[in-house]
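Undergrad: Can you keep this structure in mind? I'll have questions shortly.
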Amino acid sequence: MRPLVRWNTSHTIRGFHTTLTRTSARLRAQEKIAGIDSVSPFSAALIDSFHRRHDYLRISLTERCNLRCFYCMPSEGIELSPSENILTNEEILRLASLFVKSGVTKIRLTGGEPTVRKGISEIIAGLNKLRPHGLKSIGMTSNGLSLHRRLPEFIENGLTHLNLSLDTLDEFRFELMTRRRGLHAVLRTLDVALASFPYVKLNVVVVKGLNDAEVLDFVAMTKDKPISVRFIEFMPFTGNKWDAGKMIPSSDLLKVISDRHPEVVRAPDELNDTARTWKIPGYTGNFGFISSMSDHFVTFFSFSNKIREPTFIQCATCNRLRITADGQIKVCLFDAKEVSLRDKMRSGATDSELLTTIGLAVQGKQEKHVGMQDIDVVTNRPMILIGGRRSSRPSVSRQSMHPIFMSRPNIRALQLRFNSSSASPRLSHLDETGRASMVDVGDKQPTKRTATASGRIYIPQVAYDLVTSTYPASEPDGSSSSPSQMAASKARRKGDALTVAHLAAITGAKQTSNLIPLCHPLAISNISVVLSPEVSASDSGAHRYSILCLATVSCEGKTGVEMEALTAVSVGLLTVWDMLKAVAGKEMEIGEILVSEKTGGKHDFTRTK
């Protein structure tokens, strides 16, 4: 294992002295813990076979989230657990009480996004009542999207610590990574938190080619604010398209920071802390690395600059247990094995029996998690279901996403959006940074351009007859007419369906640049629209009725008119739908909208059937 930092001899000596200081601090902390245990014994159920004491419990309150972060949830979505499988407030507080009375001193609430859980304020207040039993810290990890409104209430009820998940300071990239807007809301929460807590931790998942260029921007935030930025390596979980090429080792990030700030020094870590912390002299805050993938151990240095045997720190001092929203205990984030405490409780288990079950799970904890190449991403839960450092998940299977993510995105596709020099296809309406941009046609020469589009609306026979029939001489008498006759009369009162749709299609074509944000406004020279009622017979002999819309748009310009032709067809067919919905609203179907011909541009074509 190569050393984390290998700049010069002074850094080596500094690292050695920091190690001695940290070791001395750890010994003092262990002596303090032993003194506390002599007064309040630590339950054996929370001590594993490697003598690690688990006094830190993370409780996931929900599987739901108001963001859709790509690294946390599979792009195809995940079905939520049935609501009856989620722990109730009473069950959460019962387990929390049992863990606290057994030795847990720190509880962190996670999700999903914990703030979307109904009754979260009452849960925090219930946890606060456990302080006489030894609970010292009530923390929460949140994406901060809506937290600024409720944070004062949570603090009043007992919240003591806050971790905010924020992977980018760029508004567009935020939407790209989370599939939602809301950067300004998160920054507002950060301001409220800084006014409420002595310090706030920011969790930043770093993905190569996506947000790694912002590392120095996050470090700059620690200059005047009590912020502890924790850069987290991209970790593998079910469905998040992880591979080693997307993960940047923390040592590489530290090298980038040290090149800009050569005076950076190692800061002392808290006992059991997952992050290795660094500080720039004169800065109010600090930054650190959670390198679960590249380096789950820290190497000690010697004066001769030779590496001693690696000593496992993060895993060797791990004191964390997790309870998922559906009541499973996980003893390691990367271990797929789970034991259901919910089922035990609901089957009538006593606290003593629950503690026995917890003890068996803790005894099964491994000495360390496996290497990053062997981590189980098949049977282990996605991050959203575990309650990790950052969670997001759709509320229903295959949840609708932001339009730019409708085609099952992966990280490679995201990287291409920012890579203008890539030989692979790229979206013409995104610039080299990935921002939405109108195509520059200033250097193009005007040419005569045409485009033809078509589409079809399928309608029932009653609607077809209404469209193709002549108007009656008089309106039917309401007292003697059937419902179908009255519906037909209502449709006729709107006017000739095809005439109105014809005019709407022409108007829609002329309004295309107002409807489609990045379309150029064009001086259209001609719009031709034809709506034709048609009857077709299937192999079985059944008839199917439809109206075909054909639109041809022409202009003399620097860009094509395909969008204008498509808009004309779409608006025309929608107008037919509106005209006929009184008699056929449930049975109509619009489809087969396409560009059939395009001329006058760089890529002319005629679609063949």
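Only the coordinates and a few stated rules stand behind these numbers; no lab work does. Since we're looking at a predicted model, the values are computed, not measured. With ideal geometry, Cβ positions are generated from the backbone for all residues, glycine too; neighbour counts draw on all protein chains shown.
Undergrad: Check which residues have an amide H placed less than 5 Å from E597's amide H, if you skip close sequence neighbours.
TA: Amide H to amide H, under 5 Å and 5 or more residues apart or across chains, E597 pairs with T452, R607.
Undergrad: Between S291 and residues 5 or more places away or on another chain, which pairs have amide H atoms under 5 Å apart, with H built 1.01 Å from N, and which residues are they?
TA: Residues meeting the amide H criterion: R276.
Undergrad: Still on this structure, please answer the following. Two-decimal Rg/Rh of region 148-206 from alpha-carbon positions, Kirkwood Rh?
TA: Value, to two decimals: 1.00.
Undergrad: Express in whole angstrom the spacing between the alpha-carbon centres of region 503-571 and region 202-228.
TA: That distance is 49 Å.
Undergrad: Moving to a separate point now. Quick one: Y199, Y464, fewest Cβ neighbours within 10 Å first, how do they rank?
TA: Arranged by neighbour count, lowest to highest, Y199, Y464 become Y199, Y464.
Undergrad: Which whole-Hz couplings ³J(HN,Hα) result when phi for each residue of region 573-581 is put into the Karplus expression 6.51 cos²θ - 1.76 cosθ + 1.60, θ = phi - 60°, listed in order with x for Gly and Pro?
TA: Coupling constants for region 573-581: 5, 5, 5, 4, 4, 5, 5, 9, 5 Hz.
Undergrad: What's the percent breakdown of Cα-Cα distances in region 560-609 across 10 Å bins, shortest bin first?
TA: Distribution as computed: 22, 40, 24, 12, 2 percent.
Undergrad: How long are the semi-axes of the ellipsoid equivalent to region 510-562, from square roots of 5 times the Cα gyration tensor eigenvalues, in whole Å, largest first?
TA: The answer is 35, 12, 9 Å, longest axis first.
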